[in-house]
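Working notes for the structure below.
Here, each number is a calculation from the coordinates, and none is a lab measurement. Keep in mind that this is a model prediction, so the values were computed, not measured. Heads up, the Cβs are rebuilt from the backbone with ideal geometry, glycines too, and the neighbour counts pull from every protein chain shown.
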Amino acid sequence: MKIDVLFFARIREQLGVSRLTAQVEQDITLEQLQLCLAEQHASHWSEVLGGENVVRAVNQVVAENDQVLAEGDEVAFYPPVTGG
Amino acid sequence: MTAFQPDCAVVITREDFSQDALQAEIFACGGSAGALATFVGLVRGAGPNGVIEAIEVESYPGMTESSIAAIFEEAAQRWSLLAVRVVHRVGRLEAGEQIVYVGVSSLHRREAFAACEFIMDYLKTRAPLWKKELGTGGAWWVEARDTDTEAAERWGL
């Protein structure tokens, strides 16, 4: 299945990409997606995506690592926010 | 439970905003407001890393708006509010420029003050928005601050 993956702010800059489409197996969890992305890309991806305080959202709602993903889901990784 | 269904709106934009126009919008919502509390955030000209010439603000189009709209619902459960307006700018903003506007009207002042602060604490700690400071010494992403997190935790955010 296909998952849209978005990266923001410091994470976007560290990975050098703002958006990609990941081709993954059915019913994987958010945590498994993160491992897949790290395997498919450069070695620093594991560190950046697995870093402390990285926020993960599924379909624009903050999610936990064990959330199961579905075809076409939008997943985002972003650092702690600093708006206002 | 509240008897009020406030008129709420959030705008994420590159454009500057007029405080007068936003205030007029809030007043136009009518009702029996006895109080209006507003907060305006500005780009500081200096920080821990020295002179700040400008900042760049990044959002998550869609989620930024929907998460702020959700916090309006939460605020409406806690206080009897009549109208809420939030504008948060994105893109490059020079030192001294306006970044954010929060305006809340209610029957009495305490509710307006509290809801305004509650929404600002949410914007600082939960809404997907990120600031990068551009200074004479380089460019750096602003780090999340513990004091902001503690302020948000006061509300159970």
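General remarks:
- 4 °C / 1.567 mPa s Stokes-Einstein diffusion coefficient of segment B:60-157, Kirkwood radius on C-alpha pairs, µm²/s: 88 µm²/s
- Cα long-axis angle, helix A:30-40 against chain A (0 to 90 degrees, to the nearest 10): 80 degrees
- Of all beta bridges that DSSP places with both ends in the protein assembly as shown, some 80 percent have antiparallel geometry.
- Separation in nanometres of the label points that stand 7 Å from Cα toward Cβ, at B:V11 and B:R78: 2.6 nm
- Look at the stretch A:72-82: the mean tally of other chain Cβ atoms within 10 Å of its residues' Cβ atoms is 6.
- Taking the C-alpha atoms only, the angle from helix B:19-28 to the longest principal axis of chain B is near 20 degrees.
- Alpha carbon convex hull of segment A:4-62, projected area averaged over orientations, nm²: 4.0 nm²
- Degrees separating the helix B:109-125 axis from the principal Cα axis of chain B, which is the longest one: 40 degrees
- Residues in segment B:76-105 reached by a label modelled at B:F113 [backbone nitrogen below 17 Å; 7 Å Cα→Cβ]: B:79-81, B:103-105
- From its DSSP helices (H runs of at least four residues, each -39,500 (n - 2.57)), chain A gives a residue-normalised ellipticity at 222 nm of -7500 deg cm²/dmol.
- The Rg/Rh ratio of the protein assembly as shown, with Rg taken over Cα atoms and Rh as the Kirkwood radius over Cα pairs, comes to 1.01.
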